[in-house]
Amino acid sequence: MTVEINLTIDGKKVSVPKGTLLVNAARKIGIDIPVFCYHPKMEPVGMCRMCLVEIGRPLIDRQTGEVQREADGSPKVAFGAKLETACTTEVSEGMVVKTTTDKVKDAERATIEFLLTSHPLDCPVCDKGGECPLQNLTMAYGPTSSRIALEDKMRLEKNYPLGDLIVLDQERCIQCARCIRFQDQIAGDPVLQFYHRARQTEIVSYSDPAFDSYFSGNTTDICPVGALTSRDFRFRARAWEMNPVASICNLCPVGCNIVLDTRREAKSGGKIVVKRVMPRQNEEVNELWICDKGRFVYHYPESPDRLTTPLKRADGKLVTCSWDEALDITAMRMKEIGSRLVTLAGGRLSNEDYFSLARLTHHQNGKTLLHSYMAGGDITARFGLSRGSNLGALGKGDAILVVACDLHEEAPLWWLRVKLAAERGATLIIMNPRKTKLDHYARHIIRYAYGQENHAINTLLYGSTGVDEVVRSAVEAFANAENAVVFYGSEGIGLETSQNLSQACAQLLINTGHTGRMNNGLVPVWHEGNLQGAWDMGFHSDTDLINHIKKAGCLYVAGADPVKDQPDFARAVETADFVVVQDLFLTDTARQADVVFPALAFTEREGTYTSGERRIQRFYQAVSPLPGAQADFTITSRIAHLLGLQLEEKAASLILEEIAGQVAGYEGLNYTMISQVSEQWPIIGREDVYYGGTQYENLQGLGVHLSNIDQAKSPGFVKFSLQTETPVPDDTLRLVPVTRLYDHSREMVYAPLLKNRQAETAVCLHPETAGKFGLTGEKAILTLNNQQVEVLIILDKNVPLNTALAARDTGIPVYEPGAASLKPLAGEKED
């Protein structure tokens, strides 16, 4: 049971749990103690001295141990001679705190004046203006004039590149160490440090490349001054000019809550445009953070390459046409083709889009398929994280299993939250063929060969006979855990293995009694943001997808590009009688289509996404719709009307109400419900950005964690395959797919700041394997499925022999394991 401590702050009584810091206890009752170095997500250091307060404690009789009392029975309180830091002092019973006395005000004024001795007077041109803690606290607590001569101020570098994403103004830095501590304690990337001493102290990066972290942008949010700014937003707008619009990041399955800061501006022709992406607090999803991909990959909807008018094929070429003409052609051909309709969707669409697509397809007795190399969405609907679960609640006594997954690359915020859970005491078990960044925090690490994922899981499922001590201890830790969560990804596997793996992981949870309870369940680390929503709406992956496409009378593609880097799919699409594509861009698949419809981006419409944790969340329209384009569900409904099926065309909210009446697990949902909020801790807000940072308070919806489908009414599993490694010919090697966060996806193409960090078209292999194939240079020719690709060679002794790793969506046609060969590139110099 939590022990409650009673104290008084500025005459107000408050009860808080034992161990609470005084600065947080005050915040509970609406009393703000100013801070610079303190942040509620990090360990306190008491460096800036801004939070000094007067503290009195009850006098204790040394002989009896009892509290001494006044004549009226109240405790006698003795105040210390010196002020104390509220950010490092834990509350104690009977404590009396004063935050507004003259002594405290003098200390606050002195601290501000000291900080300003080395701070430039450039507020009018500082990007932090309008949301600057130093500026705000100076106005509230600082002196009205300075005693420091202007010529005595420090003169340092104003535009110092900490990395290719973040710029440091050395004159503005107040050495609070928030950025250093965030990178060390939260991000797990201790790449920043102090250099020099006294007034010459500065922040430097010790990584190569500089400031090498997927979370670097968060330091600009928590910096209490304008010292750290992002190259993306620097000098682009002022805080008070922008209108915040709530949204959801759809680049991975975490579903981070974000805010799109928008502004109408003359240089954009009077249009409303997105100026930056900021985190929005959701303590059960992304807390206060977002990754750099989610922060900087938002420019693609503004690309001049966007489709703005329908296209039709005439005389072998795609030409523009009217909406009515494109719709009539599509409806006529769908009506003629009938049940040979195959609808193929990707992971960027909303739940409302998938639902409408599925209804149209079922009306035509067609097939609803996903362009995905992962499976298990149906399993997750039954055995996913139970309602009310929160990764932030996992700690000592709990277990987390991560299998076939590099969380740091596949879902950075889950990596961060799993890391923090391990640091709180949760038992982290890693099962992966190679070393990943998460290994550092794991208590048990199990290695297996690529191709033996299910065999490895089987050792956990059916006992420890004949296995080594590492596996045996991991089995016991997982089975005996109070709560257990399993993450499974796509490291080195294809679709069939993914299906088997999801079933094996679910069976492990069942066998150990970790289903149907809060903070227990299965989490698929999808490669796109709303694939779980697609599964829930009736779409599924199929190992025979190419043949389904070949046999399709009409192939209807929405938000997917199967032809990209996939010659087999390109040939399959060519055989379809009629191809319809709706997308933002003229993709490789769209170039082969008979009709192309322009779709709206997520910034231009509203809808809902379902995360890998099965939390449905709402995103809002931030900017005006691109003229000529329409929402995906609107396009589908207009086609459906011509086929005699009435679907909702205008309001996504009405489609969700239909979903609530027809889709298991979504019962009773509506936009009002998923837009509700409740108090979160820490309490942050734009009014006091010195406490948590410039992240946004969540006022637009925390989403709803879906209930799992009734397991008793669900069919049991078929026996999953214990797949073993298939040998490859001696003259080839095993090419296995992995994931890189900065891939060559369409979104990344329009993120100029991240271009230098994009994964190269490369294969990674052991030096002995390179020697076997005579690879002595930096480049080689990779042959896979009768296709040749020029690749860079990266040598790594951690890669298994006769195996090569290749990142998906980087120009190499690899989405599942296969045999490949390498030969030196002609003209490469030998060592």
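The values are calculated or read from the model by the stated rules, or taken from the named source; none is laboratory data. From a predicted model like this one, the values you see are computed outputs, not experimental measurements. Cβ coordinates were reconstructed from backbone atoms using ideal geometry, including for glycine residues, and neighbour counts include every protein chain displayed. Remember, those area values only see protein heavy atoms, side chains included, never the ligands or the DNA or RNA. Shrake-Rupley method; radii C 1.70, N 1.55, O 1.52, S 1.80 Å.
Descriptive notes on the structure:
- No other residue among R808, R740, R757 is open to solvent by less than 30 Å² (accessible area, probe 1.4 Å), under 22 Å from C291 (Cβ atoms), of a type in the set (K, R) and modelled with pLDDT of 90 or more apart from R808.
- Single condition T111 does not satisfy, out of (1) within 30 Å of V77 (Cα to Cα); (2) open to solvent by less than 60 Å² (accessible area, probe 1.4 Å); (3) without any contact (Cβ under 8 Å) to a residue 24 or more places away in the chain: (3)
- Selection within region 462-472 - open to solvent by 30 Å² or more (accessible area, probe 1.4 Å) and assigned to a helix (DSSP H, G or I): E469, V470, R472
- Within region 201-212, the set of residues being buried (at least 20 other Cβ atoms within 10 Å of the Cβ) and assigned to a loop (DSSP other than H, G, I, E, B) comprises just one member, F211.
- G492 vs. criteria on the phi > 0 side of the Ramachandran plot, free of Cβ contacts under 8 Å to residues at least 60 places away in the same chain and in contact with a helix residue (DSSP H, G or I) (Cβ under 9 Å, 6 or more places away or on another chain): no
- In summary, N218 fulfils each of the numbered conditions (1) under 21 Å from the mean Cα position of the chain (by Cα); (2) polar (S, T, N, Q); (3) modelled with pLDDT under 95 with the single exception of condition (3).
- Flag for E725 being more than 32 Å from the chain's Cα centre (by Cα), modelled with pLDDT under 90, among the acidic types (D, E) and outside any strand (DSSP E or B): yes
- Qualifying residue in region 9-16 (condition: assigned to a loop (DSSP other than H, G, I, E, B) and under 20 Å from L288 (Cβ atoms)): no
- Each residue in region 246-277 was checked for being in a strand (DSSP E or B), open to solvent by 10 Å² or more (accessible area, probe 1.4 Å) and closer than 26 Å to Y742 by Cβ, and 2 pass.
So that you can scan it fast, the table gives a plain yes or no per residue for (1) of a type in the set (A, V, I, L, M); (2) open to solvent by 30 Å² or more (accessible area, probe 1.4 Å); (3) at pLDDT 95 or above:
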| position | (1), (2), (3) |
| --- | --- |
| P598 | no, no, yes |
| E604 | no, no, yes |
| F619 | no, no, yes |
| P627 | no, yes, yes |
| A631 | yes, no, yes |
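- Restricting region 17-67 to residues that are touching a strand residue (DSSP E or B) at 6+ places or on another chain (Cβ under 9 Å) and acidic (D, E), the residue that is surrounded by the most Cβ atoms within 10 Å (Cβ to Cβ): E54
- Residues satisfying the stated conditions in region 805-831, i.e. assigned to a loop (DSSP other than H, G, I, E, B) and aliphatic (A, V, I, L, M): I812, V814, L825, A826
- Complete set of residues in region 197-250 that are within 19 Å of Y696 (Cα to Cα), in contact (Cβ under 8 Å) with a residue 24 or more places away in the chain and of a type in the set (D, E): D221, D232
- Test: residue in region 376-385 that is surrounded by fewer than 21 Cβ atoms within 10 Å (Cβ to Cβ), out of contact with any Cys (no Cβ under 7 Å at 6 or more places or on another chain) and closer than 30 Å to V563 by Cβ: yes
- Index of the failed condition, I337 passing every other in (1) under 18 Å from the mean Cα position of the chain (by Cα); (2) open to solvent by 10 Å² or more (accessible area, probe 1.4 Å): (1)
- Scanning region 280-317 for residues that are crowded, with 18+ Cβ neighbours inside 10 Å and outside any loop (DSSP other than H, G, I, E, B) yields R280, N282, E287, D292, K293, G294, R295, F296, Y300, P301, L311, K312.
- Residue, most open to solvent (accessible area, probe 1.4 Å), within region 507-544, restricted to residues that are more than 20 Å from E658 (Cβ to Cβ) and aliphatic (A, V, I, L, M): M518
- Residue in region 181-200 that is assigned to a strand (DSSP E or B), of a type in the set (S, T, Y) and modelled with pLDDT of 95 or more present: no
- Under the condition of being under 21 Å from Y354 (Cβ atoms) and open to solvent by 30 Å² or more (accessible area, probe 1.4 Å), the residues counted in region 545-560 number 1.
- Figure legend. Inter-residue proximity from region 80-105: first residues basic (K, R), second residues open to solvent by less than 40 Å² (accessible area, probe 1.4 Å) and in a loop (DSSP other than H, G, I, E, B), beta-carbon distance below 7 Å, spacing 6+ or different chains. Indicated pairs: K103/L83.
- Identity of the residue in region 522-575, among the aromatic types (F, W, Y) and not in a helix (DSSP H, G or I), that ends up nearest to A599 (Cα to Cα): Y556
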